[in-house]
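Take a look at the structure set out below.
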Amino acid sequence: MFRHLREDIKSIIERDPAARNTWEVLTCYPGFQAILVHRVSHWCWNHGLKWFARFFSHLARIVTGIEIHPGAVIGRRVFIDHGCGVVIGETAEVGDDCTIYQGVTLGGTSLSKGKKRHPTLERGVIIGAGAKVLGSFTVGEMAKVGSNAVVVRPVPAGATAVGNPARIIQKDEKRDKTDAASVLFSAYGITPNEDDPLIKALRGLINNAAAQEHQLKNIIAALEAAKIPLETLPEEDKVSPEQLNKLVE
């Protein structure tokens, strides 16, 4: 247990620049304290002491603002940053080296007792602040869930989920090889806007519309050169493609 305690503290200091020393983590980090109590309540739960397990987890929720059901499985070096409002359900599984920010819910969408109802986070997953991961599915290894995303389907390993309902952004292997920062810790599951598939689609539509307008101008010019009469339409207020692209940034 003490070996796990040391590695938990070390992982928090590595991932949080605000953490200055071991004593500060022990006394001032509710995420660390909640996981510490969860290990006790989880042991009680697995050994038939259900009421004691629920009572310990209830006390931890009062003190830390983090609710972890004693039946949930929490791996090693899990970091719950800030933590207030985090809810982790009974059949949830959180893998090693995961990071969970404040306001996150790992919830269930089924009322069936005795069945897997909550999500599984594989190793190294990052869940951004306010995100809701709902249902019995897996968020793959090293995946990220952006802040305030609502995820209701599996997320592949290395991918990022953003939006409500969440859209899946696949990992760009070519860019990762050239961008050293992409392999480092990603706070709050942030991803650049240009990775968002919805924004990519909007940009494609804007550029396609601009290309069609350019072709129409060429056709009109050719018809006028051939002295073919055209019906003139009133000029509408136009927005340039550059202005439209800025709107979706």
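Quick notes on this one:
- Phe2 being open to solvent by 50 Å² or more (accessible area, probe 1.4 Å), modelled with pLDDT of 95 or more and either over 25 Å from Leu134 (Cβ atoms) or out of contact with any Gly (no Cβ under 7 Å at 6 or more places or on another chain) (or both): no
- Residue among His118, His58, His42 that is closer than 19 Å to Pro165 by Cβ and either in a helix (DSSP H, G or I) or touching a strand residue (DSSP E or B) at 6+ places or on another chain (Cβ under 9 Å) (or both): His118
- Taken together, the residues in region 86-104 that are open to solvent by 30 Å² or more (accessible area, probe 1.4 Å) and under 13 Å from the mean Cα position of the chain (by Cα) amount to 1.
- Test: Lys200 is surrounded by 12 or more Cβ atoms within 10 Å (Cβ to Cβ), modelled with pLDDT of 65 or more, farther than 30 Å from Gly108 by Cβ and of a type in the set (Lys, Arg): yes
- Within region 111-122, being open to solvent by 50 Å² or more (accessible area, probe 1.4 Å) and at pLDDT below 95 holds for Leu111, Lys113, Gly114, Lys115, Lys116.
- Of all the residues in region 208-249, those that are at pLDDT below 75, part of a loop (DSSP other than H, G, I, E, B), open to solvent by 100 Å² or more (accessible area, probe 1.4 Å) and of a type outside the set (Val, Ile, Thr) number 8.
The values are calculated or read from the model by the stated rules, or taken from the named source; none is laboratory data. Keep in mind the model is a prediction, meaning the values are calculated, not measured. With ideal geometry, Cβ positions are generated from the backbone for all residues, glycine too; neighbour counts draw on all protein chains shown. Protein only, heavy atoms only, side chains kept; ligands, DNA and RNA dropped before computing areas. Shrake-Rupley method; radii C 1.70, N 1.55, O 1.52, S 1.80 Å.
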